[in-house]
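Student: Sending over a structure as structure tokens; questions will come in a sec.
The values are calculated or read from the model by the stated rules, or taken from the named source; none is laboratory data. What you are looking at is a predicted structure, and each value in this text was computed from that prediction instead of being measured. Every residue, glycine as well, gets a Cβ built from its backbone with ideal geometry; the counts of neighbours run over all protein chains shown. Heavy atoms of the whole protein, side chains included, go into the accessibility calculation; ligands, DNA and RNA do not. Shrake-Rupley method; radii C 1.70, N 1.55, O 1.52, S 1.80 Å.
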Amino acid sequence: MVKLLVANRGEIACRIFETCRVMGIKTVAVYSEGDKKSLHVQMADEAYPLKGITASETYLNRGALLEKASQAKATALHPGYGFLSENPLFASEVIKKKIIWIGPPPESIRKMGSKIESKILAQKLTIRTLPWKYVENDQSVTDARWKKMADEIGYPLLIKAASGGGGRGMRLVHEKNDFLGHLESARREAHNSFGEASVFLEKFVSEGRHIEVQILADTKGRIVHLFDRECSVQRRHQKIIEEAPAPRLKQETRKELIKAALKLAEAIEYEGVGTVEFLVDEKEKWFFLEMNTRLQVEHPVTEWITGLDLVTCQIKSALGEKLGFTQDKIGARGHAMECRIYAENPYEGFIPTPGPVEKLRWPTTRNCRIDTGLTEGNEVSAHFDAMVAKLSTWGLSREEARLTMREALKSTTLLGFTHNIPFLQELIDSKELIESRFTTSLIEKKGAHFWNPKIVPEKTVSTGIESAKIEKPHNLFGSIRLDQSFHNTSSRLPLRAQKEMATPPFDGLIRSPFAGRVSRILISRGEKVKTDTLLMIVEAMKMEYDVISPVKGEIEEIKVSLGDQITPGQLLILMKS
């Protein structure tokens, strides 16, 4: 009898437990101190606590996870996505414990889960990649060498985490002078998200489309594809809306992408579920980006059009079962869309908005699916990813799927914290999405003047901090406001003053607009700073945010210490202008 532990939390843990229930597999949950009352804990047959609150203390703690697996006498372990899902060392440790690893072999993860290894293999297979640079043991490389590699690629460029994905540990660098600061930040965020700080450099293409191919393989050498997905609607290099199949893609291009994806998978004798990602430019010239050796967040759209349960496929592959179908037996029917619901305020630069779930009602729309770990009375934590749910819809046509999504978003009730559902409604009704005329730069290019903040409910504008009872949210922050010019080319967003909006004028108090943790302090008491000087970095929901000086002045007092957990409205810095 299989007894499966999910080394993850929230929506993906719930999703895996649903399939296990159908398959008759006993389930085991693990949970941080803050997740004790979470839905994934309630759904499991057994649940075991992990000491700590943060990701590094809990869901990234390999030793603690293995200990709980042994304690529960689990015979299988599913890593979900994120956290340790693409960590070959963890996969090896699980297997050494005689526990079935629900995923590809560690060697496949090493070759393809590592973005560096996968690019090297792609080049050997003559599969086109963007210009890129890397160095082994990169943390020992001098700043001068890093700068030289960046100059050879040319700006703009991306700094990307070698392990993991989801936009974590990724920075877009436009200017040479900004490179080293972004490099340090990318490494730190990658380590916090995946336990691995290695990065590489890659040329940035501003007007590209993000297209990926889903593959599936058994342990007997059979590999098939499950068609493609469009994932170009993004903010901060993180996907917001996905579709299957990709619209407005030439059939010739689609065939080439599928052929390249299968070639890569066959080269490493891949097993299980995996995704090969590509960038397609304006002329439909395509480039291999990376391979994700795990279940993708957006897998529901593929399940909609194929009728397959990808978690079932993963588990059966790991158990050594042969695929029960061949490529010619897999069809793609209709069109599917997915919208990711985030605890964030899109109209305030996508700042994170953790908080309580006071009221929750999901749509009952036909051909609509909800993947979530939320329940009424729960708390959205500041310690983990901002994504709290996914809505996916299906239709015989793309327009039918879009209209169904439109209705699903409209009939969703989610109160207690600010979220991006109003923003998703705008996106779904935008001309660009209706006509499928968009690239990964859509949101950034349109900016705050295109997206209308007036439709945000008035009580949520203050980032969901109702306990503060502040009618004018900028009073809560002193004169610190998130910049409205959509600096989402990096996942570090500036907390920048907008003096013309501040009432009253700057009073010397710099406060945090959200809950988080102080990850870096760059100034000292008595130091004189210029306007727009970087003062501090605050981490919230696995992202980093810059605290910027609103005026020229002098630091009178720093009210927090490195590593402090901070609350909304908490005083960070006293400053004399």
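Student: Dividing the alpha-carbon radius of gyration of region 18-83 by 2.2 N^0.38 Å (N being the number of residues), what value is obtained?
Tutor: 1.07
Student: Evaluate E = 1/(1 + (r/R0)^6) for residue 376 and residue 144, where r is the Cβ-Cβ distance and R0 equals 51 Å; express this FRET efficiency to the nearest 0.05. Before the final figure, lay out each step's value.
Tutor: On the way: r = 55 Å, r/R0 = 1.08.
The formula returns an efficiency of 0.40 here.
Student: Quick one: 3J(HN,Hα) in Hz for region 233-246, Karplus 6.51/-1.76/1.60 with θ = phi - 60°, rounded, Gly and Pro as x.
Tutor: Here the 3J(HN,Hα) series is 7, 9, 9, 6, 6, 10, 6, 10, 10, 10, 9, 9, x, 5 Hz.
Student: Here's something else I'd like to know. Given only helices, namely DSSP H runs of n ≥ 4 each adding -39500 (n - 2.57), what is the per-residue ellipticity at 222 nm of the chain, to the nearest 500 deg cm²/dmol?
Tutor: Per the formula, -7500 deg cm²/dmol.
Student: What relative contact order, as a whole-number percentage, does the chain give when Cα pairs under 8 Å and 6 or more residues apart are counted?
Tutor: Value for the chain: 12 percent.
Student: Of all trypsin sites (Lys or Arg not before Pro) in region 1-75, which ones are in loop regions per DSSP and have a Cβ with at most 12 other Cβ atoms within 10 Å?
Tutor: Within region 1-75, the qualifying trypsin sites (Lys or Arg not before Pro) (loop, at most 12 other Cβ atoms within 10 Å) are 36, 37, 51, 73.
Student: Another one. Work out, step by step, the length gained on full extension between residue 120 and residue 251: first 0.36 nm times the residue separation, then minus their alpha carbon distance; give nm to one decimal.
Tutor: Extra length from residue 120 to residue 251 when fully extended: 44.4 nm.
Student: Further question on the same structure: Taking the Cα centre as origin and putting +1 on Lys and Arg beta-carbons and -1 on Asp and Glu beta-carbons, what dipole magnitude results for region 49-185, to the nearest 20 debye?
Tutor: The calculated dipole for region 49-185 is roughly 460 debye.
Student: Leaving out same-chain residues fewer than 8 places away, which aspartates and glutamates sit with a Cα under 20 Å from that of residue 37?
Tutor: Leaving aside aspartates and glutamates fewer than 8 places away in the same chain, those within reach of residue 37 are 11, 18, 45, 46, 57, 358, 371, 376, 379, 385.
Student: Just one of (1) 0.94; (2) 1.18; (3) 1.26 is Cα Rg over 2.2 N^0.38 Å calculated from these coordinates, so which is it?
Tutor: (1)
Student: Rounded to the nearest 20 debye, what is the charge dipole size of the chain about its Cα centre when +1 sits on each Lys and Arg Cβ and -1 on each Asp and Glu Cβ?
Tutor: Result for the chain is approximately 520 debye, rounded to the nearest 20.
Student: Using the structure shown, list the pairs from 259/285; 73/316; 250/329; 445/542; 119/176; 51/390 with a Cα-Cα distance above 18 Å, or answer none.
Tutor: 73/316; 250/329; 445/542; 119/176; 51/390
Student: Moving on to the next point. Residue 437 versus residue 522, label points 7 Å from Cα toward the beta carbon: distance in nm?
Tutor: Each label point lies 7 Å from its Cα, and together they span 3.9 nm.
Student: For each pair in 68/97; 36/96; 26/98, compute the distance between the two Cα atoms and list the pairs where it is over 21 Å.
Tutor: Flagged as over cut-off: 36/96.
Student: Which one of 179, 443, 161 has its Cα pushed farthest toward the positive end of the charge dipole of the chain, where Lys and Arg give +1 and Asp and Glu give -1 at the Cβ?
Tutor: Of the candidates, 161 comes out farthest on the positive side.
Student: Related question: State the answer as a single residue: which of 416, 267, 56 lies farthest towards the positive end of the charge dipole of the chain, with beta carbon charges of +1 for Lys and Arg and -1 for Asp and Glu, about the Cα centre.
Tutor: Going by the charge dipole, the pick is 267.
Student: Another question, if that's okay. Measuring from label point to label point, each 7 Å out along Cα→Cβ, what is the residue 96 to residue 71 span in nm?
Tutor: 2.1
Student: Moving on. Could you tell me which trypsin sites (Lys or Arg not before Pro) in region 223-332 are loop residues by DSSP with no more than 12 other beta carbons within 10 angstrom of their beta carbon?
Tutor: Values: sites: 229, 235, 236, 239, 248, 250, 254, 255, 259, 263, 283, 285, 294, 316, 322, 329; in loops: 236, 248, 250, 283, 285, 294, 322.
Counting only loop positions with at most 12 other Cβ atoms within 10 Å, the trypsin sites (Lys or Arg not before Pro) in region 223-332 are 248, 250, 283, 285, 322.
Student: Further question: Would you check the accessible area of residue 45, probe 1.4 Å, heavy atoms only, in square angstrom rounded to 10?
Tutor: It works out to around 100 Å².
Student: Round to the nearest 0.05 the FRET efficiency obtained for residue 51 and residue 283 when R0 = 45 Å and r is the Cβ-Cβ distance.
Tutor: Taking R0 as 45 Å, the efficiency between residue 51 and residue 283 is 0.25.
Student: Among the chymotrypsin sites (Phe, Trp or Tyr not before Pro) in region 286-335, which ones are in a DSSP loop with at most 14 other Cβ atoms within 10 Å of the Cβ? Mind listing them?
Tutor: Sites meeting the loop and neighbour criteria: 325.
Student: Can I ask one more? What full-extension length gain, to one decimal in nm, is calculated for residue 321 and residue 269 as 0.36 nm per residue of separation minus the Cα-Cα distance?
Tutor: Here the segment from residue 321 to residue 269 would lengthen by 17.2 nm.
Student: Determine the percent antiparallel among the DSSP beta bridges restricted to the chain, to the nearest 5.
Tutor: Of all bridge pairs located within the chain, approximately 85 percent are antiparallel.
Student: For the pair residue 1 and residue 175, what calculated FRET efficiency results from E = 1/(1 + (r/R0)^6), where r is the Cβ-Cβ distance and R0 = 60 Å, to the nearest 0.05?
Tutor: 0.55
Student: For labels at residue 364 and residue 222 in the simple 7 Å Cα→Cβ model, what's the distance in nm?
Tutor: Result for the modelled spin labels: 4.1 nm.
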